[in-house]
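First up is the structure itself, then whatever we jot down about it.
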Amino acid sequence: MKKCQTCNDYFDELGEWQKICKPCFAKSKRAEKAREQELENEKAGFLYTIGTLNRRIAELEAELLCLKKDNVFNPDLIKKIRVLAHPDKHNGSELSHNVSKVLNALTQKTNTCI
Ligand SMILES: [Zn+2]
């Protein structure tokens, strides 16, 4: 007979290694499983929150990018520059064509922001 370290009841031990009775062992295993499930649920909750926050960060970054584009690549300003740089006003020079291409690309990019 041995005294259980958990409940202090006496039990027939299976060996010297056994420190707690069978009911206390079963109870501790159930508590272990319950804690494991609790941690899994908590983890799933945090992963969901991280997903939500990552989506919000992406939305904010896109919004910030659009605001910055509005400041740096103001569509009205691009339109005025395009008129000034138009190849017709520069004898169809290669430089004016290249600048016009860049301005057209910028206009398309700024149009993606709402
Ligand atoms: Zn016990």
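None of the figures in this text is laboratory data; all of them are computed from the coordinates on show. Computed from a predicted structure; not experimentally measured. For neighbour counting, all protein chains shown are included, and Cβ atoms are generated from backbone atoms with ideal geometry for every residue, glycine included.
Mind checking which residues of region 81-96 are surrounded by 14 or more Cβ atoms within 10 Å (Cβ to Cβ), out of contact with any Ser or Thr (no Cβ under 6 Å at 6 or more places or on another chain) and in a helix (DSSP H, G or I)?
Ile81, Arg82, Ser96
In region 12-32, how many are free of Cβ contacts under 8 Å to residues at least 12 places away in the same chain and either among the acidic types (Asp, Glu) or near the ligand (Cβ under 7 Å from one of its atoms) (or both)?
3
Is region 18-30 home to any residue that is surrounded by 10 or more Cβ atoms within 10 Å (Cβ to Cβ), of a type in the set (A, V, I, L, M, F, W, C) and within 30 Å of the chain's Cα centre (by Cα)?
Checked against the condition, which is being surrounded by 10 or more Cβ atoms within 10 Å (Cβ to Cβ), of a type in the set (A, V, I, L, M, F, W, C) and within 30 Å of the chain's Cα centre (by Cα), region 18-30 yields no hits at all.
Do we find that Leu60 is assigned to a helix (DSSP H, G or I) and in contact with a Lys or Arg (Cβ under 8 Å, 6 or more places away or on another chain) in this structure?
No, not satisfied.
Only one of these conditions is not met by Ser100: (1) over 35 Å from the mean Cα position of the chain (by Cα); (2) within 16 Å of the ligand (Cβ to nearest atom). Which number is it?
Checking Ser100 against (1) over 35 Å from the mean Cα position of the chain (by Cα); (2) within 16 Å of the ligand (Cβ to nearest atom), the one that fails is (2).
Scanning for something at negative phi, within 16 Å of the ligand (Cβ to nearest atom) and either free of Cβ contacts under 8 Å to residues at least 24 places away in the same chain or among the polar types (S, T, N, Q) (or both), does region 34-57 turn up at least one residue?
No, region 34-57 has no match at all.
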